[in-house]
Structure formats: structure tokens, C-alpha cells
Amino acid sequence: MRSSRLRYLAAAAAPLIFLAGCSPESADEGSSDDAAATSSPGDDAAATSAAPNGDLADIGVDTEGDAPALTWDGEPFADGDLPFVAGSTETRTLTEGDGDEVAEGDEVRVKYLTVNGSNGEQLVSTFENDEAVTLELADENLFPAFRENLPGAMVGDELLMAIPAADAFGEVGNEQLGVGPTDTMLFYMVVEGTGEPLTEAQGEEVEPEEGLPTVTMGDAGPEIDVEGVEAPDQLITQPLIRGEGPEVVAGQTIRVHYTGAKPSDGEVFDSSWERGEPTEFHIGLGSVIPGWDEGLVGQTVGSRVLLVIPAEEAYGPAPEETEGETAAPGNELAGEDLVFVVDILGAS
């Protein structure tokens, strides 16, 4: 029976930059010209694909070494009749799994190896460090080849996939990865797990320490009671639900629902629950307040976490005014201790 939730939703921070690109629409919304160069191909991208050369049936996988490697007619891939060029996306099942079936919109946990078909160079392999990554099939920025070909696969499947330039980076290529504008990419992929994306924390409830804000879940998300709570002198991280997913790693993008309140008056100043959709951001890189970077790295996917954050690890102290001068404007929450309830829904 297919599970309704993916128990292991995210993975160690294996490179995923080439698996997703900004859509042309998102590139137009406030991004620079350089950023737009990483967008996925437009309608004319098919013109970037060269004439087909090679048959996916001739590609195999050598599993004798420390990590899988692609072969061509039984020889190392780089010794084949390069370049390998696919005219359209092709998928071949090497081994059929007997686990749950991948559905449209699922989060799919995979290990993979990818090779540049033009020169035989290995681009990324998660097998070498025994890592896996999570592909969000509902993400429109994900390569269409994955969104269209992974539904219907089974957990345990071993797949080969050839993706031409038109279905990948298109005429811009990806210089950072060493992928040119006409390069076909080949993937060897093992499906490790699948399930519907989490919409709220799921796992084992944890009894919180005494003296912390109390949290109850309402129809519009968490309700936080800060009455009688003492001002924190250091960051407090209290799991309320311990999820069963892997630990969040610095550098990942995490997807969360959250509500933030001020202990000074109990006012809720921000809530993704009230907006009706979770938010995503990089963690552990200084792109959010220090209390989030420190408090969420190391927590597990599926967890609900209470953070009590002193002002110094939130938006800093309130700006000081000197005689005869007006303090420079700062964040309206500067000088405030903050309380957050965060549901960690995914990480990649």
C-alpha cells in the first residue's frame, strides 16, 4: 500500500543546482541579466539540440567499483563514439523496484549519477558519499524530464535517462557545471522513496521544558501564549514534534511554515500559515536571522520547533539615539526578543 507521506523527505547537501532552473517568468521579476542566463529554455530551445547520435540501449552501468559508472557498449563511457546526443528525452528501466509508485507532485528521494554526453565527463554523483536528494515534482523549475518521466516509477527502480539540451539548460547551457548549449546529459538514478509533500509537522511529540511559551495549534496555525515568560539570555531551541526525516544541513534550502510573535506584548508579527502557503529560504548561510540559522540547522525534517530568540540573535539591539541626532532607521523588530514556531516541511 502506498504511504501517504515520505518518511525521509530531504537529503544531505548534494549539488542540485543543475536539476532546477529559474523559469523565464521568475528571471524577469527583479533578477539581473546574469541571473536570467540560468533560466530554463524557451520555445526555441529545441534548436540547440544536435542531430541524434547514440542509443540509450547501448548505455550500461558498471557497479564493480566504489561508485557506479556509465559504460557504452561495455566500455568506459568516455571511450565511446562521443558525443552522445539524444534527440528527445529517453528513459530506460534497468531494474524494476517493488516499492511505492511515484505520483505526480510527489517528493521523490533519489541517488543519481550524471555524465555530460558530449565529452563523457562525470558532473555529479551522490553515490560516492552515499547521499540522496529530494526532487519536488510539483516544482515547475525542475527539469520537465523529471516531472514527466518519474511519475509511474516504483521505489527501488534503477533508471537511465538521456536528456537533450532542449529539455535541460537549452541554448544557455550551464557554464558552472561545464554543460554546453548542445550537450545531452545522461542520468543513472535509483529511486529511494516517494510520498506526498508534508503540509505540517509529523513525528513524535516532545514534552517541552517548563517556563517556555505554550503553543496550541488552531485553524490558522500556531497560537503562542507568552504570558509570564522570562526574557531569554540565550537562544532556546525546543522541539515540539520530532520529525523522522534527516537533519537539516547548513547550505540547504528548507521549506517551512512559521509563526513569529513578540514576548513583549504577545503580538503575532508574521505568519506563513496566515498567508496560506509555506516559504523557502537558504539556511546556515546568514540569509536569515542568526537564531534561525543556529536553531534550525541540525533539526530533522518533519519537526515542529519552538525558538525563543534574544534580540542579539534576532534583528539586533534597538538603535541608540545620541544627543542632537536621530538614530538611523532600522528594522522595526530591532531590540525585540522573538518567539517562533517553525514546521520544517522539506530540505534539499
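The values are calculated or read from the model by the stated rules, or taken from the named source; none is laboratory data. Source: prediction; values computed, not measured. We place every Cβ from the backbone using ideal geometry, glycine too, and count neighbours over all the protein chains shown.
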Response to the item:
Exactly one of 254, 236 is touching a helix residue (DSSP H, G or I) at 6+ places or on another chain (Cβ under 8 Å), surrounded by 15 or more Cβ atoms within 10 Å (Cβ to Cβ) and not assigned by TED's automatic domain parsing to the domain that holds residue 103, and that residue is 254
Worksheet item: Is there any pair linking a residue in the stretch 224-248 that is more than 25 Å from residue 282 (Cβ to Cβ) to one that is assigned to a strand (DSSP E or B) and among the small types (Gly, Ala, Ser), with Cβ under 8 Å and at least six apart or on different chains, and which?
Response: 224/261; 226/261
Worksheet item: Between a first residue in the stretch 149-164 that is in contact (Cβ under 8 Å) with a residue 12 or more places away in the chain and a second residue that is in a strand (DSSP E or B) and basic (Lys, Arg), which pairs have beta carbons less than 8 Å apart while being 6 or more apart in sequence or on different chains?
Response: 159/92; 160/92; 161/92
Discussion item. Of all residues being over 24 Å from the mean Cα position of the chain (by Cα) and among the aliphatic types (A, V, I, L, M) in the stretch 80-106, which is surrounded by the most Cβ atoms within 10 Å (Cβ to Cβ)? Just the residue, please.
Written reply: 86
Worksheet item: Which number in (1) under 26 Å from residue 317 (Cα atoms); (2) at pLDDT 95 or above marks the one condition that residue 229 misses?
Response: (2)
Practice prompt. For the stretch 284-312, name all the residues that are under 16 Å from the mean Cα position of the chain (by Cα), without any contact (Cβ under 8 Å) to a residue 40 or more places away in the chain and surrounded by 18 or more Cβ atoms within 10 Å (Cβ to Cβ).
Written response: 284
Practice prompt. Mind counting the residues in the stretch 115-171 that are modelled with pLDDT of 90 or more, more than 29 Å from residue 98 (Cβ to Cβ) and surrounded by fewer than 17 Cβ atoms within 10 Å (Cβ to Cβ)?
Written response: 3
Worksheet item: Taking into account only those residues within the stretch 84-115 that are assigned to a loop (DSSP other than H, G, I, E, B) and among the hydroxyl-bearing types (Ser, Thr, Tyr), which is farthest from residue 348 (Cα to Cα)?
Response: 88
Practice prompt. Tell me which of these residue 245 doesn't satisfy, since it passes every other one: (1) touching a Phe, Trp or Tyr at 6+ places or on another chain (Cβ under 6 Å); (2) in the same structural domain as residue 118 (by TED's automatic domain parsing).
Written response: (2)
Worksheet item: Can you name the residue in the stretch 176-208 that is at pLDDT below 95 and exposed (fewer than 14 other Cβ atoms within 10 Å of the Cβ) and, of all such residues, is farthest from residue 72 (Cα to Cα)?
Response: 199
Fill in: Elements of type strands (runs of 3 or more DSSP E) in the stretch 230-348, at least 1 residues being closer than 20 Å to residue 210 by Cα
236-243, 253-261, 304-309, 338-347
Worksheet item: For the stretch 151-174, how many residues are touching a Leu at 6+ places or on another chain (Cβ under 6 Å) and within 27 Å of residue 255 (Cα to Cα)?
Response: 0
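Considering only strands (runs of 3 or more DSSP E) fully contained in the stretch 116-205, which possess at least 2 residues that are under 20 Å from the mean Cα position of the chain (by Cα)?
122-125, 133-136, 185-195
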Worksheet entry | Criterion: at positive phi and modelled with pLDDT of 95 or more - qualifying residue of 298, 260, 316 | 298
Worksheet entry | Answer from 244, 267 - the residue that is farther than 22 Å from residue 219 by Cα and more than 15 Å from the chain's Cα centre (by Cα) | 244
Worksheet item: So, in the stretch 62-83, of the ones that are touching a Ser or Thr at 6+ places or on another chain (Cβ under 6 Å) and in a loop (DSSP other than H, G, I, E, B), which residue ends up nearest to residue 161 (Cα to Cα)?
Response: 83
Item to complete: Find all pairs meeting these conditions: Cβ atoms under 7 angstrom apart; at least six residues apart or on different chains; first residue within the stretch 258-279 and loosely packed, with under 14 Cβ neighbours inside 10 Å; second residue polar (S, T, N, Q).
Response: 279/272
